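All remarks here apply to the structure that follows.
The values are calculated or read from the model by the stated rules, or taken from the named source; none is laboratory data. Everything numeric here is computed off the predicted structure, so don't read it as measured data. Please note: Cβ atoms are built from the backbone with ideal geometry, for glycine as well, and neighbour counts cover all protein chains shown. Please note that ligands, DNA and RNA were not included when accessible areas were found on the heavy atoms of the full protein model with its side chains. Shrake-Rupley method; radii C 1.70, N 1.55, O 1.52, S 1.80 Å.
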Amino acid sequence: MAALITASCMILSWNPDHPFGISIFALGILLTCVLWGLDNNFSRMIAGKDLIATMMIKGLAAGLITLGIASLLGESIPSIPTCCIAMAIGFLGYGGLMSVFFMMALRGIGSARTGALVSTSPFFGVAVSLLRFTDLPGPTFYLSCLIMAIGACLLITERHAHPHHHPLLMHTHRHRHDDLHHDHEHADGTPGPDRRGEHCHLHTHETTWHDHPHMPDLHHRHGHE
């Protein structure tokens, strides 16, 4: 599944006019994706924490670093209206709400599957550009689009089930009590569930063996023989 999505990206990057069949710009994108993959795996380790607080810390750190680099390069600070518009776009885009949803996906389906699904997002941008501009893409685009669509469909419809072991684990994250993994007792003072039936507190998972369909979420990061 992920291999199909990767193959579609390789088809799009192929350029026989450049050394090794790939342009320097594509190499830059590849390096960016490698760093993004590292960030995904690091973020997966903290995906069980408070999502809003986590993204606020990440956003503040990224903003300060970017501001520092811009200052070193002699860039000027935009006007206040421009900054407000940029922050509004960032809040609605990858720096804001999308990042929260992304962390929720890391928590629920793991970094590999989340990254593979998000990597299909440029095709939505291409779809909009087809409506806006008159230039049409070449045949490689349609081939890669088909391969990526097949990979995404397989990823979404995947079913994975086998007997697996849960070791003793104590952690804190938002959870429900109808998901086969949170049937623990509650101490006095534990916050009650919200309107979605979720709440957050320190809880213990006893060691157990069972068999059910699952994703590589917070409770299923086991190896496979």
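Identify all residues within the range 66-87 that are over 26 Å from Met98 (Cβ atoms), open to solvent by 70 Å² or more (accessible area, probe 1.4 Å) and outside any helix (DSSP H, G or I); write none if there are none.
If the condition is that a residue be over 26 Å from Met98 (Cβ atoms), open to solvent by 70 Å² or more (accessible area, probe 1.4 Å) and outside any helix (DSSP H, G or I), then Leu73, Ser76 are the ones that fit.
Quick one: Ser79 ticks every box in (1) closer than 17 Å to Pro216 by Cα; (2) modelled with pLDDT of 80 or more; (3) of a type in the set (S, T, N, Q) except a single one, so which number is it?
The single condition Ser79 does not satisfy is (1).
Listed residues Leu27, Leu60; which is open to solvent by 70 Å² or more (accessible area, probe 1.4 Å), more than 14 Å from the chain's Cα centre (by Cα) and modelled with pLDDT under 80? Reasoning before the result, please.
On the way: Leu60 fails: modelled with pLDDT under 80.
Leu27 is the lone residue from the list that is open to solvent by 70 Å² or more (accessible area, probe 1.4 Å), more than 14 Å from the chain's Cα centre (by Cα) and modelled with pLDDT under 80.
Where in the range 88-202 are the helices (runs of 4 or more DSSP H), entirely inside, with at least 3 residues that are in contact (Cβ under 8 Å) with a residue 40 or more places away in the chain and surrounded by 17 or more Cβ atoms within 10 Å (Cβ to Cβ)? Don't jump to the end; show me each part of the working.
Working: elements: 97-109, 111-118, 122-132, 139-156.
It comes to 97-109, 111-118, 139-156.
Select from the range 203-225 the residues that are part of a strand (DSSP E or B) and closer than 15 Å to His164 by Cβ and list them in ascending order.
His205, Thr208, Trp209, His210, Asp211, His212, Pro213
Those residues that are touching a Ser or Thr at 6+ places or on another chain (Cβ under 6 Å) and at pLDDT below 85, I need them from the range 148-169; list them, please. Outline the logic, then answer.
Filtering the range 148-169 down to residues touching a Ser or Thr at 6+ places or on another chain (Cβ under 6 Å) leaves 148, 152, 166-168.
Scanning the range 148-169 gives Met148, Ala152.
Is there a residue being β-branched (Val, Ile, Thr), open to solvent by less than 50 Å² (accessible area, probe 1.4 Å) and closer than 24 Å to Ala152 by Cα anywhere in the range 32-43?
Taking every residue of the range 32-43 in turn, none turns out to be β-branched (Val, Ile, Thr), open to solvent by less than 50 Å² (accessible area, probe 1.4 Å) and closer than 24 Å to Ala152 by Cα.
Considering the range 203-221 alone, what residues qualify as being crowded, with 16+ Cβ neighbours inside 10 Å and farther than 19 Å from Arg44 by Cα?
His203, His205
Search the range 47-57 for residues being outside any helix (DSSP H, G or I) and open to solvent by 70 Å² or more (accessible area, probe 1.4 Å), and hand back the single one that is farthest from Arg107 (Cα to Cα).
Of the residues in the range 47-57, the ones outside any helix (DSSP H, G or I) are 47-50.
If we keep only those that are open to solvent by 70 Å² or more (accessible area, probe 1.4 Å) too, we end up with 49-50.
On the way: Lys49: 10, Asp50: 11 Å.
Checked the range 47-57; the qualifying residue farthest from Arg107 (Cα to Cα) is Asp50.
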